[in-house]
Amino acid sequence: MEESNTGLGDNNSEKPLENQEKTEANSKPIAQIQEKKEFPKEIKQEKPKEIKPRSKFLSSQWYDKNYKILLFISIAITILVIAQLVFMASTTGDIMKKDVSLTGGTVITVYTQQQYDLDEFSQSLTTQLQGSVSIKRIEDFSTGKQVGLVIESQADPSNLKTAIQDKIGFELTDQNSSTETMSAGLSKSFYKELITALIIAFAFMGLVVFIIFKKPIPSLAVIQAGVTDTFGALAIANIFGFHISTGGIAAMLMLIGYSVDTDIMLTTKVLKRRDGTVNSRIKSASKTGVTMTAASFLAVVVAYFLVNVAVLKEMFFIIAAGLFLDLFTTWLGNAAILKWYCKKKNIQ
Amino acid sequence: MAKLTWKIWFVIILVILFALVIINPQAFTKGLLIKDVTLNTSIAMAGIQKGEILQEINGKTILKLTDYYDFVNSINLEPINIIVTTENGTFHYNSTTLDFLADGNRTTEVYGNAFNAGLEPGMILKSINNYSLDNYSFDSIKQNLEPKLKVELKTNKHSYIFLTSQDLGLTLAEIPKTRITTGLDLQGGARAIVRPVEPLSDQEFDSLLSTVRYRLNVYGITDVSIRKAKDISGSTYMVVELAGATPRQLQDLVAKQGKFEAKIGNQTVFVGGHNDITFVCRNDASCAYIRQCDAIQDGYACTFNFGVHLSADAAKRHANITSTLSENITQSGKYLNESLDLYLDDKLVDTLMISSDLKGEEATEISISGSGTGKTKEDAYNAALENMKKLQTVLITGSLPVKLEVVKLDVISPLLGKQFMRSIYIAAIGAFIAVFVVIYVRYRKFSFFIPVAMTLFAEVFLILGISALIKWNMDLASIAGIIAAIGTGVDDQVVMLDESRSRKQFSLKERIKGAFFMIMAAFATAFVSLIPLLWAGAGLLRGFAITTMIGISIGVFITRPAFGDVLKLIIKD
């Protein structure tokens, strides 16, 4: 099969060993995966480099030479994420811009096909109500037609309603519109609760990861990747100007699960298995992992463009951003940390 | 051909069973579901019940809502010329119905054309279209005058024949195809989250919930869910959700304490609730009606009146307190020197003069009044009706144990929900296609691709089935949860496919076992990271958390093992 390990982690000196293991495994079909096998240490990976100096991009030799650079790229991404969040916090007082579900206020969704100049609309409401009003359009993807308008403001709900009615020229009823009002007090406590939930979720996740791998450095690498993906997704949403809602924070929680599953798969393959070399195991893990991430990423990106529900759009965006980052944190960062770890611990 | 294992059969049987659960047995009946029948209409008196399926009206088959609306619009009763003579003058108007009610010869409720013609509540009737009120009762005149339509109506259960002069009074809906119920944000309705101003014991909180439920029922709202929600920091909230139309008074009904007190001076005569008030007149024009409407500054004000019966204790208090008062003679009659003041939530809502012949008497019947204002006469009239209904409700149900604050109020239109559902379906199909493209591009084999697709569909099906089984409302958050679960499902299947095809030195069973180790580890981390969401933020995201947890559990415990067995069938060592 084209996916067999030996072909991927091409390493000539390992070949006889693998064959040896294969015959062993064949004679004893129920091989123990976790069983530690001490391989002869005198066979060094650097050896074939002198014979075969090619260092093709993404080949095993290239990886041996450059994995620290990849790790550095991943660290740089983490630093950028932190920088964005610090910048956000220093300019707005918090690591995200929150929407009314987290700050309190009113969202009125009007079901109308009538077209308006949204800039002018929000301008006139803003001056009238003396508070910022934001207006978004909801469109039906298949027809491209406007389905309705979403109007957000911190103004008094009944004043907002009156102002909208004056502007659009018809009465808002509970058939043609939806009104969602959230008190500032409740939204503040919601925000606190959700952040607490996020922190507890990270703690729980970390605990489970420690139980699975028991070793501090690989476990911390998994946790670090999860945290970077989750907050990195937030940083990207910040850059794109999203206002985060309760749904957005739920999406961040969803990301914890999404992002660590590739890391868990990678760490399991590298640390708990002994077939092939560390490089070949990383490579085969990355092939699986990139397929996983690509499937999820493409699915949420497609859904992002097709759905017209604001909160789902926001959730899909955050998940897509997190999955994108996951490619870097897992396959540049976490893989390199494991590689380094294996080298230090003499794991082959 | 290899044999299907029990794990595969288990999934197949579950999917079939859940299909039976999800599909509404009535889904294949033609017609429209009767969701509600308005009280006191001819159709209600004919005995039609909600839950029946309307199939035919006057020989015309009813399949869609538009069929019914076409029928309603085709009702073309010829309006008649109505002449109402009263002591205050004569009123002419054209209408198919009289548009007013009367108690004896005094008008009580006036609406529609009669209202526009200037007729007012409280006028004394002399005749209607030459039928003198001296010779005929109001009801018999109404019966005789109003043009009627004969309606023959067939449902899946019975046929009904009746005469009607008004709109039928049916609330209809298309028969739901499935038993999956959608949440508030998709089907429309209202949600209020209410916080008690001071902390309550569990017992007090339960009494709060039951009082609010009673209140809403008395007000006429039955399709309501009221529950307690706790968050991580220990605050307790009351979450009230109702489907369909939202009464404008919802906020007041769920959050106004509704402490009603009738006082003379600073002595309380009676309070709201069944201890002091044994009967409240409602829905009866003879003792509950709009008395009059007057022009005031910036609009109109209408006054309502309704009678209540007091308990023996309250009547005795009335006697004791009034016996000490003195009489005052005014232009309009003899009254006691202090009035009966009505307070609602410590606000004075009305002051009633007490007739001097009630002094020291055990009054058991008291007439309560109040008012409503509006920009137009009609607005004022409706406001007075609503206020009357609210006050009646509060008097019947008594007050809530504490002051409450509405912290979140959502009123969602059903139309938007439909739009949302449409786009969610499209997005789901798009996402599936995206996943399949990736899987196909990577493996290029239909023998891999088909089990992956079937497993994903089985998973969605099982999640929806469980939600129908436990009557879980599918809201936007739950849909996000399904997406999360499906995403994890795809990831797991990719791991299984790759693991089962590599490491050929191990047996296939061992390879799949190895894949399961990773899947279980990923499942454990995802599952525990959702636990805090069960409580955070008054449980608003609980739908998301629970659906995801159910979804990923179904995945690892039911469908994934079956997928593993399918792999054993299609992958040859």
In this structure, does B:S447 turn out to be surrounded by 17 or more Cβ atoms within 10 Å (Cβ to Cβ) and under 30 Å from A:V301 (Cβ atoms)? no
In segment A:177-194, anything in a helix (DSSP H, G or I), within 9 Å of chain B (Cβ to nearest Cβ) and either surrounded by 17 or more Cβ atoms within 10 Å (Cβ to Cβ) or under 29 Å from the mean Cα position of the chain (by Cα) (or both) is listed as A:L186, A:S187, A:S189, A:F190, A:Y191, A:K192, A:E193, A:L194
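Can you tell me which residue in segment A:142-168 is modelled with the lowest pLDDT, limited to those that are among the small types (G, A, S) and outside any helix (DSSP H, G or I)?
A:S142
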Over segment A:294-318, the set of residues β-branched (V, I, T) and more than 8 Å from every other protein chain (Cβ to nearest Cβ) is A:I318
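Here is a yes/no grid of residues against (1) small (G, A, S); (2) more than 25 Å from B:L184 (Cβ to Cβ); (3) out of contact with any helix residue (DSSP H, G or I) (no Cβ under 7 Å at 6 or more places or on another chain); (4) surrounded by fewer than 16 Cβ atoms within 10 Å (Cβ to Cβ):
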{"site": "A:D117", "(1), (2), (3), (4)": "no, yes, yes, yes"}
{"site": "A:L129", "(1), (2), (3), (4)": "no, yes, no, no"}
{"site": "A:S134", "(1), (2), (3), (4)": "yes, no, no, no"}
{"site": "A:A155", "(1), (2), (3), (4)": "yes, no, no, no"}
{"site": "A:E171", "(1), (2), (3), (4)": "no, no, no, yes"}
{"site": "A:Q175", "(1), (2), (3), (4)": "no, no, no, yes"}
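The rows are residues; the columns are (1) assigned by TED's automatic domain parsing to the domain that holds B:F523; (2) touching a residue at least 60 places away in the same chain (Cβ under 8 Å); (3) within 21 Å of A:V260 (Cα to Cα); (4) over 34 Å from the mean Cα position of the chain (by Cα).
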position	(1), (2), (3), (4)
B:Y443	yes, no, no, yes
B:E459	yes, yes, no, no
B:Q493	yes, yes, yes, yes
B:L497	yes, yes, yes, yes
Pairs returned, first residue in segment B:547-566 that is in the same structural domain as B:I463 (by TED's automatic domain parsing) and farther than 11 Å from B:M520 by Cα, second residue that is in a helix (DSSP H, G or I) and among the basic types (K, R), beta-carbon separation under 8 angstrom, 6 or more apart or interchain, are B:P561/B:K7; B:A562/B:K7; B:G564/B:K7; B:D565/B:K7
Next item on the list: Answer yes or no as to whether A:A320 is in a helix (DSSP H, G or I) and closer than 18 Å to B:A484 by Cβ.
Entry: yes
All-but-one check, B:K154 against (1) under 23 Å from B:N283 (Cα atoms); (2) in a strand (DSSP E or B); (3) touching an Asp or Glu at 6+ places or on another chain (Cβ under 8 Å), failing number (1)
Given the conditions (1) of a type in the set (A, V, I, L, M); (2) more than 20 Å from A:V302 (Cα to Cα); (3) away from chain A (no Cβ under 11 Å); (4) surrounded by fewer than 19 Cβ atoms within 10 Å (Cβ to Cβ), every one holds for B:A453 apart from (2)
Checklist entry - Does B:R291 meet the test of being among the charged types (D, E, K, R), touching a residue at least 40 places away in the same chain (Cβ under 8 Å) and assigned to a loop (DSSP other than H, G, I, E, B)? => result no
The correct count of residues that are over 27 Å from A:I236 (Cα atoms) and not aliphatic (A, V, I, L, M) in segment A:83-130 is 15
For segment B:30-57 the number of residues that are under 15 Å from B:N156 (Cα atoms) and assigned to a loop (DSSP other than H, G, I, E, B) is 8
Across segment B:524-551, the tally of residues that are within 9 Å of another protein chain (Cβ to nearest Cβ), in a helix (DSSP H, G or I) and in contact with an Asp or Glu (Cβ under 8 Å, 6 or more places away or on another chain) stands at 4
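Output the residues belonging to segment B:276-303 that are among the charged types (D, E, K, R) and either within 20 Å of B:L352 (Cβ to Cβ) or at pLDDT 85 or above (or both).
B:D276, B:R282, B:R291, B:D294
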The lone condition B:Y237 fails out of (1) part of a helix (DSSP H, G or I); (2) within 30 Å of B:L184 (Cα to Cα) is (1)
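The values are calculated or read from the model by the stated rules, or taken from the named source; none is laboratory data. None of these values were measured; they are calculated from a predicted model. With ideal geometry, Cβ positions are generated from the backbone for all residues, glycine too; neighbour counts draw on all protein chains shown.
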